[in-house]
Every structure is written in C-alpha cells, then in structure tokens.
1. If Ala128 satisfies every condition in (1) in contact with a Leu (Cβ under 9 Å, 6 or more places away or on another chain); (2) of a type outside the set (Lys, Arg); (3) within 13 Å of the ligand (Cβ to nearest atom) but one, which is the exception?
2. Would you be able to say whether some residue in the range 212-228 is part of a loop (DSSP other than H, G, I, E, B), open to solvent by less than 70 Å² (accessible area, probe 1.4 Å) and either acidic (Asp, Glu) or out of contact with any strand residue (DSSP E or B) (no Cβ under 8 Å at 6 or more places or on another chain) (or both)?
3. Taking only pairs six or more apart or across chains, which ones have beta-carbon atoms under 7 Å, a first residue in the range 120-137 that is more than 13 Å from Thr163 (Cα to Cα), and a second residue that is assigned to a loop (DSSP other than H, G, I, E, B) and of a type in the set (Ser, Thr, Tyr)?
4. Which residue out of Gly76, Gly100 is over 21 Å from the mean Cα position of the chain (by Cα) and either more than 16 Å from the ligand (Cβ to nearest atom) or assigned to a strand (DSSP E or B) (or both)?
5. When the residues of the range 31-56 are filtered to those that are without any contact (Cβ under 8 Å) to a residue 40 or more places away in the chain and among the polar types (S, T, N, Q), which remaining residue is farthest from Ala82 (Cα to Cα)?
6. What number of residues within the range 23-68 satisfy the criterion of being in contact with a Lys or Arg (Cβ under 9 Å, 6 or more places away or on another chain) and surrounded by fewer than 16 Cβ atoms within 10 Å (Cβ to Cβ)?
7. Please find, among Glu304, Glu318, Glu271, Glu289, the residue that is among the acidic types (Asp, Glu), at negative phi and out of contact with any Pro (no Cβ under 9 Å at 6 or more places or on another chain).
8. On the basis of being within 16 Å of the ligand (Cβ to nearest atom) and closer than 22 Å to Ala309 by Cα, does Ala225 make the cut?
Amino acid sequence: ITVLFGLTDFWNMERIMKIAVLGAAGGIGQPLSLLLKMQLPAGSELALYDPAPMTRGVAVDLSHIPTRVKVSGYAGSDPSAALAGADIVLLAAGIARKPGMERSDLFKFNAGIIVDLVQHCARVCPQALVAIITNPVNSMVPIAAEVLRKAGVYDPRRLFGLTSLDVVRAESFALDVESVTNHEVTIPVVGGHSGVTIVPLFSQLSRGQYDADELTSLIARVQGAGTEVVEAKAGAGSATLAMAYAALRFCLSLVRAKLGEANVREYAFVEGGHADAKFFSQPIVLGAEGVAQVLDYQPVHPVEQAAIARMLPVLNKEIQQGIDYARHVLQD
Ligand code: LMR
C-alpha cells in the first residue's frame, strides 16, 4: 500500500495540468488533440472524449507521438471519466454548417449537446476553465452560463467563448497587406463570433494607414472568413485546421496563466466588462482562475465604431436566444 501511495504522489506531482477535449474525434477535435499532444508542457494529461467508438483509437494513435503528454480516450454517452480532475475543458462537440447555412442554423442541434456536456462539467469538474468552440458561440456560451448557474457553480471568470479564430484570421489577412512578421501582428477582434458581430479593429495595427474603405473591406473579409471556408469545403464542413490552431493558442494561454505566468493576454467572448452586451468578445488578461481583467479596446476608428453599434442588436438577440432556451429546458 505504501508503495502504491508513493506512486500516486509521484504521478500527482508530475501531472501539471489536465486538459479535456470534448468532441475529440471530430473535425476540430482531432487536429486540436494532435497540436495539444505536441505542445502541452511535459507532464500534462490530455483526455479525449467523443461519443464515437473510434475515440479510444484516436488516443492510442496520439500516444505513439513521443512527448511527455499522457493521452487517454473515452467513448460512449458519458464524458465523466474524461472530465474527472480536468483543469481546462475545450468543448468542440456538435455539428458544422454546410453552404447556405448561418451559424444560427446550428442552434437547435448543438444547444442540446452543450446543455448535456456542461451539466457533466458542472458535476464532475466545477472548477475547470471551460472554453466553448461549438457554434453558434454567441448563443452557446450564454446557454453554458445558465447551466452552470442552475448547478450553483457559475463563475463568469471561468467560462469563455473561443473567438481567437477571428484574431488568427485578422492577423493572417494583415500579413497579406503589411510588411510585418507574424510575431509583430496583433489585431484585436471584438463583439461576437457570427457574421456582423465579428468586428476586427485593423486601425490598431497601423493607425491612420488604412482609409475608411480599406477598413470596411477588411472587416467584411474577417466577418465572411468562416463562410469562405464552408463554401470552399462544399458541404464537407467548416473550418477545422485554423480553428484547431486558434484553440491551441487559446488553450496554451490558459495553461500559462494557470501555471502562474503574469499578464497573459487573449481575446474571448466572456460575460461582463461591456456596457452594451451581457457577453462580449474583448481583450482580457488571464490568471489562474480565468479572466483576471477585462481590458479596454478603445480607441477605435469611426468605421469600426459604427460596425460595433450596428451589430449590437444582433449580438444581444443571439445572447438572449441562448438564455431563453436554457431557462426553458432547465425549467427556470
Ligand atoms: C468559423 O468561423 O470558421 C467557424 O465559426 C465555423 C463556421 O461555421 O463558420
């Protein structure tokens, strides 16, 4: 028994962080899990969950990559084993859109998945940081908040809608027009993660360099980027690879903050910090408990300010739709 306790202590000391990926066998889940296996700090544990029977196989496959990240896979209808002891949960489960669909068309199907999985999170790992990738993010995050609230474990600092794909895209499009290296580019993207609610602030890259027309077309380009991928994939789904990269980046920021690094900055769709919307994607500083501070994203160009003002009713409607759905199914 002493020997066993000794081994357990050793393992606990070694395991610095447990990350659970829900939807791990899907189009985003698999490349995301690969990237995490390669980039999480040594001693981390990666738990993959997906209803698909192949999930254990995905974990075995990844376990053959020689990094000191322990991978386990769980299939079936219960994610509890994957969630047990999780510090961070990345929720990528759900269906993707096809050409002609808006993200909001996924609401009905994906909302039920979010309720179910977040109920498990609330029960099994109530202290975990939960980042939601599942669309429509603008509605799924408020649903998750209501589920956690109903379970009595909601802390707005620990719930995120993952909008860093918009930041990644804005950075990428800036590289097309700017002579900068990718390390020098940071483009704030605020608002939400659907169509007009995505507002990149290119004016903050090189103030005064873009005229109003250029800003208008750069905003439209980022807003339409998801649809561009959906159309190019012609019915075979939406963005998976850039999404996985964006989620990796965000997750590594959470890990760094949880491990005590100061001043870790990110963008995410979080509750609080904005006067005109209950949830808003905005610049944040991360700490061990999640959001440590919401940062101001001003000043913005008048074109960007107008885009924010125009989209607020859409964003607030999508947020309210999530809240109403959750309150209805949770019988509040
Ligand atoms: C994206 O922005 O690529 C994702 O939200 C997926 C989608 O449906 O556009």
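The values are calculated or read from the model by the stated rules, or taken from the named source; none is laboratory data. Note that the structure is predicted; figures quoted are calculated from it, not measured. Using ideal geometry, Cβ is built from the backbone for each residue, glycine included, and neighbour counts are taken over all protein chains shown. For the accessible areas, the whole protein counts, side chains as well, though only heavy atoms, and no ligand, DNA or RNA atoms are used. Shrake-Rupley method; radii C 1.70, N 1.55, O 1.52, S 1.80 Å.
1. In the conditions (1) in contact with a Leu (Cβ under 9 Å, 6 or more places away or on another chain); (2) of a type outside the set (Lys, Arg); (3) within 13 Å of the ligand (Cβ to nearest atom), Ala128 misses (3) alone.
2. Applying the first criterion (part of a loop (DSSP other than H, G, I, E, B)) to the range 212-228 yields 224.
After this cut, where a residue has to be open to solvent by less than 70 Å² (accessible area, probe 1.4 Å) as well, the list is 224.
After this cut, where a residue has to be either acidic (Asp, Glu) or out of contact with any strand residue (DSSP E or B) (no Cβ under 8 Å at 6 or more places or on another chain) (or both) as well, the list is 224.
Yes; the residues of the range 212-228 include at least one that is part of a loop (DSSP other than H, G, I, E, B), open to solvent by less than 70 Å² (accessible area, probe 1.4 Å) and either acidic (Asp, Glu) or out of contact with any strand residue (DSSP E or B) (no Cβ under 8 Å at 6 or more places or on another chain) (or both).
3. none
4. Of Gly76, Gly100, the one residue that is over 21 Å from the mean Cα position of the chain (by Cα) and either more than 16 Å from the ligand (Cβ to nearest atom) or assigned to a strand (DSSP E or B) (or both) is Gly76.
5. Ser33
6. 4
7. Numbers: Glu304 fails: out of contact with any Pro (no Cβ under 9 Å at 6 or more places or on another chain); Glu318 fails: out of contact with any Pro (no Cβ under 9 Å at 6 or more places or on another chain); Glu271 fails: out of contact with any Pro (no Cβ under 9 Å at 6 or more places or on another chain).
So the residue among Glu304, Glu318, Glu271, Glu289 that is among the acidic types (Asp, Glu), at negative phi and out of contact with any Pro (no Cβ under 9 Å at 6 or more places or on another chain) is Glu289.
8. yes
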